[in-house]
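Scroll down for the structure; my scribbles are underneath it.
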Amino acid sequence: MFNKRSLLKLLLDLSIITVLSYFTICTLIFFKLAAVEAGHGDHQTNSPLAISWGTHSLMGPIKTYESIQFPSQLPDVMLNGWFMKHPTSNKSVIITHGYNSSKHEPALIKTAWLFFNQGYSVLMYDLHNHGSSTVLNGRTALGSQEYHDVIGAKQACMKLGFSSENIIYYGLSMGAVSTLIAAQYDEDIKIVISQASFSDPDIIMKEEFQRENIPLFLYHGSVFIANHLFRFPIGKYTPLNLDQTKLSKLLFIHSHRDNRVGFHHSQLLVKHANQAGIQYHTLVLNGSEHVDTIFEYHHDFKVFLNTYL
């Protein structure tokens, strides 16, 4: 029979095993959900000149472009980009892609063509850990590190000859998040077009747990492991702190039935923009696509940007 001391030892051993098992599972979840696959996937051959996806292909209005590299604000990180010089304009747009994507994304190149036709030079690039840029750790911080890349892109654009007041910023999904966080740390960022952005990282991470059918009681342990054991700032910063920016205009684009990042995220961002006194406009689309919206709603994009930029 167990005596009292043996029973206490057994309970202590079981408690230790339970805690260690919990944090081991949380560590594995963190590695899985934060993982980024570098490169360009099926879009390797895409360029600012032409795109293809599935059985489709398109030629664009851009005839020449320059492949460039420039530093992020993060140490020892070089970002790989494309620069498309408009022949008659002194305006430029910086385009930032989303999670597990790259500048080769067909929808992003299609968006670049739209801006080019509206008189903007275009700088688009790969965030670190993505595309052809420096791989630091193969993980996403959901904007909390990526925002340094946006500021690096701004500095590169200025070195290309553009004044800060003539640079606008477009971000898709996590690219929009990274840009809105960057605006909190760089007062030069005045105009942002945010497409399909998430709002609070805490909300989107919990939604991702639900999407992957992972019990939510593992959520806080996974974030704790990321932030404290690995010193990784996933979800540390939020795009909702719009009152800490100097934004003069914010344009939101979101599909009402977005199948990846729910429309309620843009609604929350709009609420915070209103509270911060930022001029904003919204384009709400009746689609379910998260990334490829521009292919179906190109005309709506064009009218919206022509009206408010």
**Message:** Give me the percent relative contact order of the chain, please, defined on Cα pairs under 8 angstrom at least 6 residues apart.
**Reply:** 16 percent
**Asked** Measuring from centroid to centroid over Cα atoms, what is the spacing of the range 7-58 and the range 198-260 in Å?
**Response** 15 Å
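Which shape class applies to the range 164-262: rounded if a/c is under 1.5, otherwise prolate when a/b exceeds b/c and oblate if not, where a ≥ b ≥ c are the square roots of the Cα gyration tensor eigenvalues?
Working: a/c = 3.20, a/b = 1.57, b/c = 2.04.
Oblate is the answer for the range 164-262, as a/c is 1.5 or above yet b/c matches or exceeds a/b.
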**Message:** Tell me which chymotrypsin sites (Phe, Trp or Tyr not before Pro) from the range 170-268 have a DSSP coil assignment and no more than 16 other beta carbons within 10 Å of their own.
**Reply:** Tyr185, Phe230
**Complete:** The size of the Cβ-based charge dipole (Lys, Arg +1; Asp, Glu -1) of the chain about the Cα centre, to the nearest 20 debye, is 420 debye
**Asked** Angle between the Cα long axis of helix 263-275 and the longest principal axis of the chain, 0 to 90 degrees, nearest 10?
**Response** 70 degrees
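Taking 0.36 nm per intervening residue step and subtracting the Cα-Cα distance, what contour gain separates His264 from Met158 on full extension? Could you put the intermediate results ahead of the total?
Working: separation 106, 0.36 × 106 = 38.16 nm, distance 3.49 nm.
Contour length minus Cα-Cα distance gives 34.7 nm.
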**Request:** At a Cα cut-off below 19 Å, give the lysines reachable from Lys190, other chains included and same-chain residues fewer than 8 away excluded.
**Result:** Lys91, Lys154, Lys159, Lys246, Lys249, Lys271
**Complete:** Each label sits 7 Å from Cα toward the beta-carbon; between Asp188 and Ala35 the label points are separated, in nm, by 3.7 nm
**For Ser173, distant residues with modelled amide H under 5 Å away** = Gln195, Ala196, Ser197
**Complete:** Taking Cα atoms only, Rg over Rh for the range 14-168 with Rh from the Kirkwood formula is 1.10
**Item:** Spin-label pair Gln210/Lys271, simplified geometry with 7 Å Cα→Cβ offset, distance in nm
**Value:** 1.5 nm
**Item:** Rg to Rh quotient for the chain, alpha carbon positions, Kirkwood Rh
**Value:** 1.05
**Message:** Between Lys302 and Ser21, how high is the FRET efficiency from 1/(1 + (r/R0)^6) when r is the Cβ-Cβ distance and R₀ = 41 Å? Nearest 0.05.
**Reply:** 0.15
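What ranking, highest mean first, results for peptides 54-64, 133-143, 289-299 when packing means the other Cβ atoms within 10 Å averaged over each residue? Display every interim value, and only then the final one.
Details: 54-64: 11.2, 133-143: 20.6, 289-299: 17.2.
Order by mean packing, descending: 133-143, 289-299, 54-64.
Which of the GluC sites (Glu not before Pro) found in the range 186-267 are in a DSSP loop and have at most 15 neighbouring Cβ atoms, other than their own, within 10 Å?
Glu187, Glu212
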**Complete:** Using alpha carbon centers only, the range 108-137 is separated from the range 60-79 by a whole-angstrom value of 8 Å
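Find how much the distance from Ser248 to Ala50 grows on full extension, using 0.36 nm per residue of separation minus their present alpha carbon separation; answer in nm with one decimal. Don't skip to the answer; put the middle values down first.
On the way: separation 198, 0.36 × 198 = 71.28 nm, distance 3.37 nm.
Fully extending the segment from Ser248 to Ala50 adds 67.9 nm.
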**Message:** Output wanted: per-residue J couplings in Hz (rounded whole) for the range 113-120, from phi through Karplus 6.51 cos²θ - 1.76 cosθ + 1.60, θ = phi - 60°, x for Gly and Pro.
**Reply:** 4, 4, 5, 4, 5, 8, x, 10
**Request:** Provide the packing ranking of 86-96, 37-47, i.e. peptides ordered by the mean count of other C-beta atoms within 10 Å per residue, highest first.
**Result:** 86-96, 37-47
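Quick check: residue separation of Leu136 and Ser67 times 0.36 nm, minus the Cα distance between them. What number comes out in nm? Before the final figure, lay out the partial values.
Numbers: separation 69, 0.36 × 69 = 24.84 nm, distance 2.14 nm.
Result for the pair: 22.7 nm of gain on full extension.
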**Item:** C-alpha long axis of helix 4-34 to longest principal axis of the chain, angle in °
**Value:** 10 degrees
**Request:** Taking the chain as the reference, fit the longest principal axis to its C-alpha atoms, fit the long axis of helix 201-211 to the helix C-alpha atoms, and give the angle between the two in degrees, 0 to 90, nearest 10.
**Result:** 70 degrees
**Complete:** Rounded to 0.05, the calculated FRET efficiency for the beta carbons of Ser6 and Lys236 at R₀ = 51 Å is 0.70
**Prompt:** What's the FRET efficiency of Leu14 with His220 using the Cβ-Cβ distance as r and R₀ = 30 Å, to the nearest 0.05?
**Reply:** 0.90
**Complete:** Over the chain, the sum of -39500 (n - 2.57) across DSSP H runs of at least four, divided by residue number and rounded to 500 deg cm²/dmol, gives at 222 nm -11000 deg cm²/dmol
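Every number here is computed from the coordinates shown, using simple stated rules; none is lab data. As the structure is a computational prediction, the values presented were derived from the model and not from experiment. Note: ideal-geometry Cβ built from the backbone for every residue, glycine included; neighbour counts use all protein chains shown.
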